[in-house]
1. Semi-axes of the equivalent ellipsoid for chain A, please: Cα gyration tensor eigenvalues, times 5, square-rooted, ordered largest first, whole Å.
2. Please compute, over every Cα-Cα pair in the stretch A:434-534, the percentage with a separation greater than 20 angstrom.
3. Test of understanding: ordering A:LYS233, A:LYS385 by Cβ neighbours within 10 Å, fewest first, what list do you get?
4. Divide by every residue of the protein assembly as shown the summed helix terms, -39500 (n - 2.57) for each DSSP H run of at least 4, and state the resulting mean residue ellipticity at 222 nm, rounded to the nearest 500 deg cm²/dmol.
5. Give me the lysines in straight-line cross-link reach of A:LYS35: C-alpha distance below 26 Å, same-chain residues under 8 apart excluded.
6. Can you pull out the GluC sites (Glu not before Pro) in the stretch A:1-80 that DSSP calls coil and that have at most 13 other Cβ atoms within 10 Å?
7. I need the trypsin sites (Lys or Arg not before Pro) found in the stretch A:149-211, filtered to DSSP loop residues with at most 10 other beta carbons within 10 Å of theirs.
8. Please report, for the Cα atoms of the stretch B:193-293, the Rg to one decimal and the Dmax as a whole number; what are they, in angstrom?
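We did not get these values from a lab; they are worked out from the coordinates using the rules stated. Source: prediction; values computed, not measured. Cβ sites come from the backbone with ideal geometry, for glycine too, and all protein chains shown count toward neighbours.
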Amino acid sequence: MIALRVNGTEHGVAAPPATRLSAVLRDHLGLTGTKVGCDAGDCGACTVLLDGAQVCACLVPLAQAEGRAVATVEGLAASPLGAALQAAFQAHGAAQCGICSPGMLMAAMELLASTPRPDEAQVQAALGGVLCRCTGYRKIIEAVLAVGRASVAPPAGAVGESLPRLDGPGRLDGTELYGADTAPADALWLRPIRSPYAHARFVIGDATHLPVRLLTAADVPGRNGFGIYPDIKDQAVFAPGLARYRGDCVAALVGERAAVEAVRWDDLPITWEELPPQGAAAALSGPALHERWPDNVLTTGRLRSGEAAPPATHTASGEWQTGCVEHGYIEPEAGWARRVGDQMEVFGCTQAPYMDREEVAGVLGLAPAAVRIIPSACGGGFGGKLDVSFQPLLAVAAWVTGRPVRAVWSRGESLASSTKRHPASIQASASCDAAGRLTRFAFEGLYDTGAYASWGPTVAGRVPVHCMGPYRVPFVRSRARAVLSNNPPSGAFRGFGVPQAAIAQEMLWDQLADQAGLDRLEFRLLNALRVGDTTNTGQTLEASVGLVECLEALRPHWHALRAARCSTGRRRGGVGVACMWYGIGNTGMSNPSTMRLVLAPEGRLSFFNGAVDIGQGSTTVLAQIAAEALGLPVAALSLVLGDTGLTADAGKTSASRQTFVSGRAAQAAGAALRDAILLRANAGANARLTLADGVLRVDGVALRLDAPLEGQGSFDPPTVALDADGQGLPYATYGFAAQLAALEVDLELGTVHLQRIVAAHDVGRAINPMLVEGQIQGGIAQGIGLALMEEYLPGRTENLHDYLMPSIGDVPAIDCILVEAREPLGPFGAKGIGEPALVPTAPAILSAIRDATGAVVRRVPALPHRVLEALREQRMGEALREQRSGVAS
Amino acid sequence: MALAIVSLQTIGCPGMDAYLRPRTLDDALRLLAAAPGCQVLAGGTDVFPARAGAEVWLRRDDRPLLDISGVAGLAEISETAAGWRLGALVTWAQLRRAALPPAFAGLCEAARQVGGAQVQNRGTLLGNLCNASPAADGTPPLLTLEAGVELAGPAGTRVLPLAAFLLGNRRTALAPGELAVALRLPRPPEGAHGGFLKLGARSHLVISIAMVAGVLVVEGGQVRAARLAVGACSAVAQRLPLAEAALLGAPPDPARLRPEHLAGLAPIDDARASAAYRQHAALVLLRRLVEQLA
Ligand SMILES: Cc1cc2nc3c(=O)[nH]c(=O)nc-3n(C[C@H](O)[C@H](O)[C@H](O)COP(=O)(O)OP(=O)(O)OC[C@H]3O[C@@H](n4cnc5c(N)ncnc54)[C@H](O)[C@@H]3O)c2cc1C
Ligand code: FES
Ligand code: FES
């Protein structure tokens, strides 16, 4: 027994002295508020106070906590300072998915205990050890600075008001349950066995010597394959004999946890034959990874628009390469599964419960109705939790053992096995006339889609449609190919390939603007899409095209930031600009959502919402919309959230679609219930509803019900599939944005120092401005990572020590400007924001680097050595040109 | 003898079959002598991440842990006639807060830049050295402070200059059964000022692409003493005698530092930067450091 005091209570723990304090708190004391994101000190999610000092609980052996005081998030509310800090986080929207919040709060507590009124630099130093992937840190800093200052009462939550997240409090007191936070007490433990080789044949021999069961391909009762597309189930639950990437799952150990964890690599009866791996470029002429795609081209997306290009005066072209980017959600994949008779239940973190249900049913050979998916709180997703991970493995294990089975991926496993952003090699060229009007754009993108299809076809479909950006271009030829390789599967990641394409497009605009002698912002304004324009897919935009307003809103900032650029000494200042557009919802295919409101006779008003809130705020926003349409305050709603057994299909949380698609369904549900109530009460359309003490009143008159009243709403955005030339109506609406980045480049070291980002986003209508800003800031932080530091290299950056994501000091001040060009189809005029936020950031940063130095960065992340190389090339190019002109004259 | 020896029942903690937590240095040395295969554990900020990394591929470190964090008397920073003595358990956070002469400014700056506050609160300076990473931020400033490492073991106590203690990437001169018990920092020359510059690809929690440290004595506009060191550009951080010589006896002019003074470095290409970049960046950082210390 080792004694320690946790939040003031003495505990004796019977665990080995080397047990990590994080595991002691979670597994032995049931205090799952302390989160584990890496077990290696890198993420800070496990931060607790040990005798008042912040430490990573994952690096503290129990023995070293003996006799000491441990403070965790669960104890915060008991102290006035802790409660004030929680309240500030809630009021400022400092928690999105909430998985980093316990660590952030504890780190802030250490600071505030000694420094009640810190400045921003002190907050950054104190919180620098905790990573957040959702918020971009700005609201966290705001919240810590606000502690102890006067606060305003939160609004009631009408549409357009910054209602604090409805699911916020549980994320700030440690009670919210994520995938790893709960499981049946008798659950077995599952540990996948993954290929350490990018390409290998293997044979699994007799495993009877192992103390636990080894599941292999032979144990899968249904189809040994899953995948996003109904006709492409190419990724095996357990690869049968051939591993196609480092991280490919070949088997799994299942048994009591201690026994599973005692198994060593060398105990496994697996013999490997390593084969030469190939990247996407080589795969174009290499052997087929899958028989089905002999040339390794998974999908080709194309767009042809315009018969002939108008005459041009200026032309620019270039090649760009982007890195393999990890989603980096702080919550690794985790959950449990349980067989209930001939049915299967799966609990865990996900972005797409209904798709999970199909996959689980498929691998078990069951009907979808026999599978229930119960989403846990989701500690970040960004597209990475759209694909299944633990679900099929746990389902197979629970099915064949008849016992509940749980699993938690380690960070290394999560990094090795999960999908990534497609690394892209892009060639593009564009021309404009003497006045700067675009005449043509050509784009050829090679997207490395990795070992399995995942969302590759979606990316190849989206890119050709978006790659010319939100501009009038009379003649476009674009092609994007998703090519299979022995890299990790590339899947869905905020923007589906569009952020990579936007880099090429916007860099060309800068070059053309210079050639045409136009200001770079004005060049974009000149060419910007406007209401009434027809896009290159042949779609006429009838409303809600706010790009011009975005650019105009940026103009004063643009001039001010440019005037303030420093250009002395070894640092050069630069300001960049970039725009984007983004189709909301699936590309040219149905993606419906259904929402339901039920008013029970005893007065309980339930909102059945099947949309998974992965931190972006849909739970709050959809409630605001439904309540507004119904005519009652948000507080009147009881929420029943995403569970395939209880709620209707809201579709997946991706493609920035929940506010627009599910929002519109929620609005319809609210209106339908309102109609039913008014009909029943025989009241007029403007009647006032109130709900108090279980009694609904219509214009003050109590409404008696003997059966529930229901309002259901569905929405499927109208689209027309694209033809072979990319013509059609791919999306019902588009988000538009323009961003500025101001930075300094260190000319000697190639380091980039961001100073400010100004982001103007046309969101149609900001249902909840605070949450919209949170999405923008978080998206920008990911854009910064894409531009400057993130690069996943299998086997080399397989932990959060070497895979660098922006820390609190890497995200500069961000000004958000919300433009509201109402979308008639959207709920109260709203459209989406999730992905648009990220798209323009990287190109704006590269544009600013070029403005500062003249150098065109052609490979991201723009690590210091790459920026320096680009600077050298630029100087060499200049010198050459000078020489030539010297010779000529 | 106050110590806990626990043989583990295997719950959730494979590979850690014994755990020793002595309270005195004598006990620690005795235990280590009896079980020289133990892994020493101080703040654990290197030990635990390494174990987590190995576990990803089911490779486990089964060495028993000898936890020295409970050993009395190792957490002090003390001033002696010869200079300063930093016990093996002195953490980065302690160093950050310590009142030390200006020559130690580089070391204290390194302490502010290591990891995040959590790592600084737990990680020890000696753990940083014993872990012997080429990118250990403690090494360059300690080289410029001419630190000695005090080792205690079965054969008694010895003091090695830091450069002799660090043998290579993850290799030290620790003999079986030996513990590093303290750092000895000789009294720096009168008027010495120290500095440290670290270069990484993000602002917090970053392993250095390259870092430099220096201690200069500038008197009457002339450099009287110069010590410069570069880390993450060779298997072990190095002092740069050629660069130091180039500065001596002249005004502190960064331009006196030339690429050839860095000839002894042997940087590598890795995920963080190219070798050529590191070589270049080291010179840039050294010049900036001289400028800062001038
Ligand atoms: C998130 C994170 C960020 C980090 N950032 C940085 C950084 O920016 N710069 C940097 O340099 N380091 C960094 N580190 C590494 C680490 O924090 C330091 O090396 C730390 O100083 C190690 O000290 P410790 O007490 O935690 O060592 P431990 O992990 O306890 O031990 C480290 C090694 O030294 C041995 N050892 C420890 N003490 C002794 C002793 N007295 N005698 C003999 N052997 C001993 C151990 O056996 C082990 O091999 C980081 C680590 C993490 C987790
Ligand atoms: S879990 Fe401890 S730092 Fe990530
Ligand atoms: S809110 Fe910080 S990681 Fe999600």
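1. 40, 34, 30
2. 44 percent
3. Values: A:LYS233 18, A:LYS385 32.
Ordered from fewest to most neighbouring Cβ atoms within 10 Å, A:LYS233, A:LYS385 come out as A:LYS233, A:LYS385.
4. Numbers: 30 runs with 323 residues, N = 1183.
Taking each H run of at least 4 residues, the total per residue is -8000 deg cm²/dmol.
5. Here the lysines satisfying the reach criterion relative to A:LYS35 are A:LYS139, A:LYS385, A:LYS420, A:LYS652.
6. Details: sites: A:GLU10, A:GLU66, A:GLU74; in loops: A:GLU66.
Counting only loop positions with at most 13 other Cβ atoms within 10 Å, none of the GluC sites (Glu not before Pro) in the stretch A:1-80 qualifies.
7. Values: sites: A:ARG149, A:ARG165, A:ARG171, A:ARG194, A:ARG201; in loops: A:ARG149, A:ARG165.
When the trypsin sites (Lys or Arg not before Pro) of the stretch A:149-211 are filtered for loop state and at most 10 Cβ neighbours within 10 Å, A:ARG149 remain.
8. 13.3, 44
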